[in-house]
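Notes follow the structure.
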Amino acid sequence: MTLHQVAGVRLNVEELAPAVDDRSPLVLLHGFTGSVESWRSFADSFGTCARPIAVDLLGHGGSDKPSDPALYRPEAQVAQLLGLFDRLGLDRVNLLGYSMGGRLALQLAVVAPERLGCLVLESASPGIADAAERAARVRADDALASFAEREGIAAFVDRWERVPLFASQARLPAAVRARLREQRLTNDPTGIAGSLRGFGAGVPEPLWDLLPTLDVPTLVVVGALDSKYRQVGRDMTERMPRGELAIVPDAGHNVHLEQPCAFARLVLHFLGG
């Protein structure tokens with residue numbers, strides 16, 4: 001575990017493969033309740049053409065878990081990542097984010113597109129366009145945060161695993177589901193609550209109107225079984241001047257978990273590997 005102090009917090013960062021001079025950095029951002037462990041199985045494949053660097057986002061894994069939601073807000077986490085890039089000497093990176101991590105990657109892309117070579121968004125959204133729906137999601141996530149604080153991480157994980165978005169994961173081998181649950185159980189209620197309140201899906205202002213200005217090569221990956229994000233992906237790439245959509249068969253929301261080989265092939269092809 002390597003902690004870096006950036007923008008007033010400490011983020012855990014792991015190099016998943018030995019650095020090679022001619023390989024561009026590929027920064028990997030996990031989803032909600034995830035960690036650097038979400039990407040460890042891709043170390044060898046991504047390492048063939050990139051320098052994979054996994055980050056524990058604030059409130060997760062080995063990174064700090066403050067209680068103040070302001071530290072989790074989009075602008076705060078973008079500043080943390082940009083500070084991390086500076087600290088690691090990364091002038092320009094390829095950025096891959098899953099779900100919450102994809103939401104953050106997109107936030108960074110519109111603020112500092114000059115820091116990106118390309119962007120991979122897996123099951124990510126530019127935000128909730130409808131203000132009333134956004135406010136309702138903020139209230140729901142605050143209630144979910146209070147549940148985690150009150151009932152503890154095991155009860156929270158039990159509830160999170162029953163979210164309909166993850167229904168397709170029931171088809172995964174028992175050992176894979178067990179590893180995923182074990183990783184989720186390493187989370188701390190304070191970090192989970194802070195992340196929900198400061199960077200839940202209803203918090204960021206929607207970025208839909210800015211997508212036509214995002215001149216960064218972008219691969220949007222969605223699962224064919226995830227009807228909500230399949231449509232979001234189509235709508236996003238229609239607005240992006242350099243967007244490309246990939247729909248992966250027999251996968252739900254977490255494509256890299258449910259179809260890892262197909263996911264790796266898509267990413268490597270996009271990176272030119």
* To do: Residues being within 23 Å of residue 188 (Cβ to Cβ) and under 15 Å from the mean Cα position of the chain (by Cα): count how many of those fall in segment 13-37.
  => 11
* Out of curiosity, is residue 120 closer than 27 Å to residue 231 by Cβ, modelled with pLDDT of 95 or more and among the β-branched types (Val, Ile, Thr)? -> yes
* Tally the residues that are under 16 Å from residue 41 (Cα atoms) and buried (at least 16 other Cβ atoms within 10 Å of the Cβ), restricting the search to segment 261-273. => 6
* To do: Take segment 221-238 and flag every residue that is touching a residue at least 40 places away in the same chain (Cβ under 8 Å) and charged (D, E, K, R).
  => 226, 228
* Could you tell me which residue of segment 113-128 is farthest from the chain's Cα centre (by Cα), considering only residues that are surrounded by fewer than 24 Cβ atoms within 10 Å (Cβ to Cβ) and under 16 Å from residue 55 (Cβ atoms)? => 115
* Unique residue being surrounded by fewer than 16 Cβ atoms within 10 Å (Cβ to Cβ) and under 21 Å from residue 115 (Cα atoms) when the list is 19, 7 -> 19
* To do: Could you tell me whether any residue of segment 4-14 is at positive phi and in contact with a His (Cβ under 9 Å, 6 or more places away or on another chain)?
  => no
* To do: Would you please list the contacts, defined by Cβ atoms under 7 Å and residues six or more apart or on different chains, that run from a residue in segment 167-181 that is within 17 Å of residue 38 (Cβ to Cβ) and without any contact (Cβ under 8 Å) to a residue 12 or more places away in the chain to a residue that is crowded, with 16+ Cβ neighbours inside 10 Å and polar (S, T, N, Q)?
  => 177/169
* Candidates 132, 143 - the one that is modelled with pLDDT of 95 or more and closer than 16 Å to residue 205 by Cβ -> 132
* Asked: Looking only at residues in segment 40-72 that are buried (at least 22 other Cβ atoms within 10 Å of the Cβ) and among the β-branched types (Val, Ile, Thr), which one is nearest to residue 19 (Cα to Cα)?
  -> 53
* Structure fact -> Selection from segment 146-167 of residues under 19 Å from the mean Cα position of the chain (by Cα) and either surrounded by 17 or more Cβ atoms within 10 Å (Cβ to Cβ) or among the polar types (S, T, N, Q) (or both) yields 157, 160, 166
* Positions within segment 91-115 being charged (D, E, K, R) and not in a helix (DSSP H, G or I), in sequence order -> 91, 92
* Asked: Which condition does residue 105 not pass, out of (1) on the phi < 0 side of the Ramachandran plot; (2) surrounded by fewer than 18 Cβ atoms within 10 Å (Cβ to Cβ), if it passes all the others?
  -> (2)
* Qualifying position, being in contact (Cβ under 8 Å) with a residue 12 or more places away in the chain and either buried (at least 18 other Cβ atoms within 10 Å of the Cβ) or within 16 Å of the chain's Cα centre (by Cα) (or both), among 249, 241, 189 -> 189
* Kindly indicate whether any position in segment 30-47 is more than 22 Å from residue 263 (Cα to Cα) and either in contact (Cβ under 8 Å) with a residue 12 or more places away in the chain or not basic (Lys, Arg) (or both). => no
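The values are calculated or read from the model by the stated rules, or taken from the named source; none is laboratory data. Owing to the predicted nature of the structure, the values given are computational and were not obtained by experimental measurement. Every residue, glycine among them, receives a Cβ derived from its backbone with ideal geometry; neighbour counts consider all protein chains shown.
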